[in-house]
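Q: Right, I'll just put the structure down here and ask away after.
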Amino acid sequence: MVNPFINTVTSWFLKKRIHQIELFIKFPHEVQNEVLINLVKSAKSTFIGKKYNFESIKNYQDFSNQVPITNYEDISELIERSRMGEKNIFWPSEIKWFAKSSGTTNSKSKFIPISNESLDHCHYSANKDLLCLYLYNNPNSKLFEGKNLRLGGSKSTYKENGTIYGDLSAILIENMPIWADFSSTPSKKTTLLADWELKMPAIIQESINENVTSLAGVPSWMLSLLNKVLDYTNKQYINEIWPNLEVYFHGGVSFSPYIDQYKNILNSNIVQYYEIYNASEGFFAVQDRNDSKEMLLMLNYGVFYEFIPMDNYNDDNIIGLDKVNININYAIVITTNAGLWRYKIGDTIRFTCLNPFRIVVTGRTKHFINVFGEEVIIENSDRVIQKISKKLDLKIIDYTVAPVYMDGKKKGRHQWLIEFSEKTTKLEEITNMIDVFLKQENSDYEAKRYNNISLEKPEIILAKTGLFYNWMKNKNKLGGQNKIPRLSNSRNYMEELIILNN
């Protein structure tokens, strides 16, 4: 057990960061403008800085006029040059680390540059602020009297020159300060194991007798680990194993489809759930209040934000933080202290509050269904799944949705592939619920379903036990930040899964 004195000192240090948070809450636009000018000034001598004449940029208007909007495909060749050791392309300091991501529709890996500045001033600052806000909201916490059970990814070395790539979580664990490693379980060696099926039992062996007070990891994979812990110990609830568990820090995928399962297996009224919004490209938002799904947009991490309204998704329609409104779906564009310049990360968010700026993540710019004009996003489908789980007391392991296109006189429909923890005979009832709940969530879907104008009732396919796990395993994407694509405008994922399901 960690000495209570350490808990007291650590809590005092972290709470001091509240002042910095209060500063950007009070002066959000001034802080963001300062971030932008500092980024441009720092990179004026880089390849990108010279190409777009950063030397002449004095304000946001200059920046938006001179620097184009980009996506990964636009800069992939420059990233490869950086991975091969060429310096000073995006950012003046050395880029040694690259976060590997598979967030493209064609499954091609992306390698996102990670600078020392982005590690220290973005990712690690965010982790400190997350703890700070949690302790501020829970003054009686004994978080540091125990350990954090972390679930990270793996890393590999790029053989040609020694630059390193891996899951973002693995990079963060590899570089984390000693105090953070000391207060975590399992060991760094176990956490970074590449083989997920070896890693899981190793984590259990190392952590089962620790005083675990917090959890951190992607909800789908953490749930898998916790269920294996229960199987290993022959216990019914996690609080029988770790009675002092008080908070789960989660991110990476929506928590909505999983929350009821967590509440069931944790069996505790004291466990808090704190959501974070981090990605390979940066750490963007942190839940700043107990029992809230909204996250505070963090404005002083060396990340400058711009937004594109999704109802008019056009690079020319980009706006700054000062022009956003609540309840509108926006694609995020970022400029960072790792050298990403006006970069579309592919996520969509919605502002729920403008003072301070709070957001919820609504999905991906490429992961939606709009074949028939229905504009269904991940936020819609996740809520539907959550409602069905609660209404019918069903545990849903994973799901994905794709369109079935119109064929001659046949109308289109949505096809849902769902894996339940137990067999169910309620398919017709579930089908009707999906239809009703999705109409409640999405007026465009409701309009297209009216009198079967464009869409027929959805179709459900039952997934075999372990289907999604095996599909991810075949793609070498077990664990870490890998996730099942919830929605797709094409049938590529669905066809692969159906073949494996037969």
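The values are calculated or read from the model by the stated rules, or taken from the named source; none is laboratory data. Keep in mind the model is a prediction, meaning the values are calculated, not measured. Please note: Cβ atoms are built from the backbone with ideal geometry, for glycine as well, and neighbour counts cover all protein chains shown.
Q: Any residue that is assigned to a loop (DSSP other than H, G, I, E, B) and under 18 Å from the mean Cα position of the chain (by Cα) - is there at least one of those in segment 344-361?
A: No, because not a single residue in segment 344-361 is assigned to a loop (DSSP other than H, G, I, E, B) and under 18 Å from the mean Cα position of the chain (by Cα).
Residues checked against (1) among the charged types (D, E, K, R); (2) surrounded by 14 or more Cβ atoms within 10 Å (Cβ to Cβ); (3) in contact with a strand residue (DSSP E or B) (Cβ under 6 Å, 6 or more places away or on another chain); (4) modelled with pLDDT under 95:
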residue: E446; (1), (2), (3), (4): yes, yes, no, yes
residue: N451; (1), (2), (3), (4): no, no, no, yes
residue: G466; (1), (2), (3), (4): no, no, no, yes
residue: G479; (1), (2), (3), (4): no, yes, no, yes
residue: R491; (1), (2), (3), (4): yes, yes, yes, yes
residue: M494; (1), (2), (3), (4): no, yes, yes, yes
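Residues are listed down the side, and each one gets a yes or a no for (1) in a loop (DSSP other than H, G, I, E, B); (2) under 22 Å from the mean Cα position of the chain (by Cα); (3) in contact (Cβ under 8 Å) with a residue 40 or more places away in the chain:
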{"residue": "T190", "(1), (2), (3)": "no, no, no"}
{"residue": "E197", "(1), (2), (3)": "no, no, yes"}
{"residue": "E206", "(1), (2), (3)": "no, no, no"}
{"residue": "E210", "(1), (2), (3)": "yes, no, yes"}
{"residue": "T213", "(1), (2), (3)": "no, no, yes"}
{"residue": "S220", "(1), (2), (3)": "no, yes, yes"}
{"residue": "D231", "(1), (2), (3)": "no, no, no"}
{"residue": "N239", "(1), (2), (3)": "no, no, no"}
{"residue": "F249", "(1), (2), (3)": "no, yes, yes"}
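Q: Tell me, which strands (runs of 3 or more DSSP E) lie completely within segment 389-502 with 3 or more residues that are at negative phi, free of Cβ contacts under 8 Å to residues at least 12 places away in the same chain and among the aliphatic types (A, V, I, L, M)?
A: none
Q: From the set of residues in segment 162-180 that are among the β-branched types (V, I, T) and either surrounded by 22 or more Cβ atoms within 10 Å (Cβ to Cβ) or within 22 Å of the chain's Cα centre (by Cα) (or both), which is nearest to G146 (Cα to Cα)?
A: Here the answer is I173.
Conditions tested, residue by residue: (1) closer than 27 Å to N482 by Cβ; (2) assigned to a loop (DSSP other than H, G, I, E, B).
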position	(1), (2)
F284	yes, no
R289	no, yes
K293	yes, yes
Y301	yes, yes
Y305	yes, no
I308	yes, no
D311	no, no
D316	no, no
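Q: Pick out the one residue from E80, E86 that is in a loop (DSSP other than H, G, I, E, B), of a type outside the set (G, A, S) and either in contact with a Phe, Trp or Tyr (Cβ under 9 Å, 6 or more places away or on another chain) or within 19 Å of N300 (Cα to Cα) (or both).
A: Of the residues listed, the single one that is in a loop (DSSP other than H, G, I, E, B), of a type outside the set (G, A, S) and either in contact with a Phe, Trp or Tyr (Cβ under 9 Å, 6 or more places away or on another chain) or within 19 Å of N300 (Cα to Cα) (or both) is E86.
Q: May I ask you to list pairs of residues, at least six apart or on different chains, whose Cβ atoms are under 8 Å apart, with the first in segment 346-372 being surrounded by 19 or more Cβ atoms within 10 Å (Cβ to Cβ) and among the basic types (K, R) and the second being at pLDDT 90 or above and in a loop (DSSP other than H, G, I, E, B)?
A: Sorted first by the residue in segment 346-372, then by its partner, the pairs are R350/N327; R350/I328; R358/D288; R358/E294.
Q: Further, regarding this structure: List, please: which pairs have Cβ atoms under 7 Å, are six or more places apart or on different chains, and start with a residue in segment 273-286 that is over 15 Å from M222 (Cβ atoms) and in contact (Cβ under 8 Å) with a residue 12 or more places away in the chain and end with one that is among the small types (G, A, S) and assigned to a strand (DSSP E or B)?
A: Note: pairs meeting the criteria are Y277/A285; S280/A99; S280/S101.
Q: Among the residues of segment 106-125, is there at least one that is surrounded by 19 or more Cβ atoms within 10 Å (Cβ to Cβ), within 22 Å of M298 (Cβ to Cβ) and aromatic (F, W, Y)?
A: So far as segment 106-125 goes, no, none of its residues is surrounded by 19 or more Cβ atoms within 10 Å (Cβ to Cβ), within 22 Å of M298 (Cβ to Cβ) and aromatic (F, W, Y).
Q: Hey, does segment 404-411 have a residue that's in contact with a Leu (Cβ under 8 Å, 6 or more places away or on another chain) and either under 26 Å from M472 (Cβ atoms) or buried (at least 21 other Cβ atoms within 10 Å of the Cβ) (or both)?
A: Checked segment 404-411: no residue is in contact with a Leu (Cβ under 8 Å, 6 or more places away or on another chain) and either under 26 Å from M472 (Cβ atoms) or buried (at least 21 other Cβ atoms within 10 Å of the Cβ) (or both).
Q: Working only within segment 37-62, note down all residues that are in a helix (DSSP H, G or I), of a type outside the set (K, R), out of contact with any helix residue (DSSP H, G or I) (no Cβ under 6 Å at 6 or more places or on another chain) and within 26 Å of K110 (Cα to Cα).
A: L39, S42, F47, I48, G49, listed by residue number.
Q: Another question, then. Out of segment 184-198, which residues are surrounded by 13 or more Cβ atoms within 10 Å (Cβ to Cβ) and either of a type in the set (A, V, I, L, M, F, W, C) or in contact with a strand residue (DSSP E or B) (Cβ under 7 Å, 6 or more places away or on another chain) (or both)?
A: Answer for segment 184-198, where residues must be surrounded by 13 or more Cβ atoms within 10 Å (Cβ to Cβ) and either of a type in the set (A, V, I, L, M, F, W, C) or in contact with a strand residue (DSSP E or B) (Cβ under 7 Å, 6 or more places away or on another chain) (or both): S184, T185, T191, L192, L193, A194, W196.
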